[in-house]
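Heads up: the structure comes next, in structure tokens.
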Amino acid sequence: MRAAVSADPITKRGKILIVEDNYFFVALLRDALAGLEAEVFVARNGIEALDLAWTHQPDLILLDVILPEEDGFAVATILRGNERTRGIPIIFVTARVDLDDRKRGVSLGAVDYITKPLNPPDVLMRVRRALLRLQLPPLTSRLALTAKAQEVLAGLRLAPALREKLTLFDGRHTLESILAAREDDVEFLEFAVRLLRTGMAAVAGEGAGGVSSGGPGAS
């Protein structure tokens, strides 16, 4: 019996808040994210952004820096200072390309910093990566699960592709090192999340069957 793996990307059907006052970039971002089938909210200024973030608790915020009312850095500061919104990941999407601006974005806890003009496939990859990071359990849990997986799966016949991936994903690696080591980082990260979500169901069954080696769904 093999553990079933959905063909749909794990990152589907989340909630994303776009904070952007330019209609062209709003449309571009919506198109780039269409494959995720996410619920998308749009704020045209900093005040709307704070209101929507508070009300809808999005899984991710794509935040422009140059905005009416409050700029993106001010919005991020307020979000980080509030218990209800401080844990929401932020990706800055902006025309501000200076190194000092990037450093400021990182200092405010942004998980990524995308500069305009935008490349839709790149935007989608970065959004998927940010959303997938939310799915990984803490390092201690990954270590425990991986140790159990290695124990149970050691005697099973595994497809070569799956065995390779299991070898690469040992819970001792940090997420950053996994991403740095893999050119197809998002695909591998999605596999890692799938392994922990569905592959471990077979592990919990004490090796009653194999684990599907199906790759992640197309974006």
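The values are calculated or read from the model by the stated rules, or taken from the named source; none is laboratory data. Here the structure is a predicted model, which means the values were calculated and not measured. Surface accessibility is based on the protein's heavy atoms, side chains included, excluding ligands, DNA and RNA. Shrake-Rupley method; radii C 1.70, N 1.55, O 1.52, S 1.80 Å.
Working with all protein chains in place, sort Arg194, Arg86 by solvent-accessible area computed with a 1.4 Å probe, largest first. Working shown, then result.
Values: Arg194 20, Arg86 110 Å².
Descending accessible area places them as Arg86, Arg194.
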**Request:** Would you mind getting the accessible area per residue of segment 87-141, heavy atoms of the protein chains only, 1.4 Å probe, in Å²?
**Result:** 49
**Complete:** Under 5 Å from the placed amide H of Ala43, counting only residues 5+ away or on other chains, we find Ile18, Val19, Glu20
